[in-house]
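Here is the structure we will look at.
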Amino acid sequence: MAGIVVVFDFDKTIIDHDSDNWVVDELGMTQLFDELMPTMPWNSLMDRMMKELHSQGRTIDEIANVLKRAPLHPNIISAIKSAHALGCELKILSDANLFYIETILEHHGLMGYFSEINTNPSFVNEEGRLRIFPYHDFTTSSHGCPLCPPNMCKGLVIERIKATAYAEGKKRFIYLGDGKGDYCPSLKLEQVDRVMPRKNYPLWELICSNPSLIKAEIHEWNDGEELEQILLQLINTIIYEESNTNNNNAALISADCKFQTIPISNHESFPKALPVRP
Ligand SMILES: [Mg+2]
Ligand SMILES: [Zn+2]
């Protein structure tokens, strides 16, 4: 086992859109969404939108069908399968909600690759309406993190994930994300970890504004193809490093690579496990 935990954001990282916006736009609710947006937190707004859809007679199956159409890059599917085949533990950390994420992952046959989904709880109530709740109940107390939205501090979740992983002997993290909410967990990563911000998205911009605040190595990516290539390269590099823990030279390979993608050519001599293709 690789001892690597790969944590994926979901919206605009695994799927190419924001799932909340995707549902709202596809079901013709954009105008109401935009009107209500300034008046309530995002998470509460999504619960409200589900109420509206239900009152218009839109069924949970219609919502599920819309979610199944959300574009997911084929290289991301193969990246997930390959990372799993290389022995990594995969987790999701998302500010979407459980129904959306499970519906999409199940549709693509990806549920079994993830050991954990950390997100806002949701369920279909007796009337057939999807209810969406905050991960952190901010009506009773605040999570106290000024960087994060009131319903979820991903930094707190990553600290919990890290504590559990360390207890199991897993020492390395790779975090992939795009949004503002992914900045707090990125700050919690250690030097031996990697963060993969999507280029020109808010997480990347926040990291760029002061890269010295990030201890982990930074590897940007643009699209599904690059995500797969870079993620598998990082995993193979870590596996190689771990297998040479007594050889100090191996650990130096990436010491000066902050904010660079390691050229593949440097790694051609590395023993590589074969990625699994769908
Ligand atoms: Mg995202
Ligand atoms: Zn936070």
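The values are calculated or read from the model by the stated rules, or taken from the named source; none is laboratory data. The structure presented is a predicted model; accordingly, all values stated were derived computationally and were not measured. We place every Cβ from the backbone using ideal geometry, glycine too, and count neighbours over all the protein chains shown.
Descriptive notes on the structure:
- All positions within the range 167-180 that are away from ligand 1 (no atom under 15 Å from the Cβ), modelled with pLDDT of 95 or more and not aliphatic (A, V, I, L, M): 172, 173
- Among the residues of the range 97-150, the ones that are under 23 Å from residue 78 (Cβ atoms) and in contact with an Asp or Glu (Cβ under 6 Å, 6 or more places away or on another chain) come to 1 in all.
- Per-region count, the range 69-80, residues in contact with a Leu (Cβ under 8 Å, 6 or more places away or on another chain) and either surrounded by fewer than 19 Cβ atoms within 10 Å (Cβ to Cβ) or not small (Gly, Ala, Ser) (or both): 5
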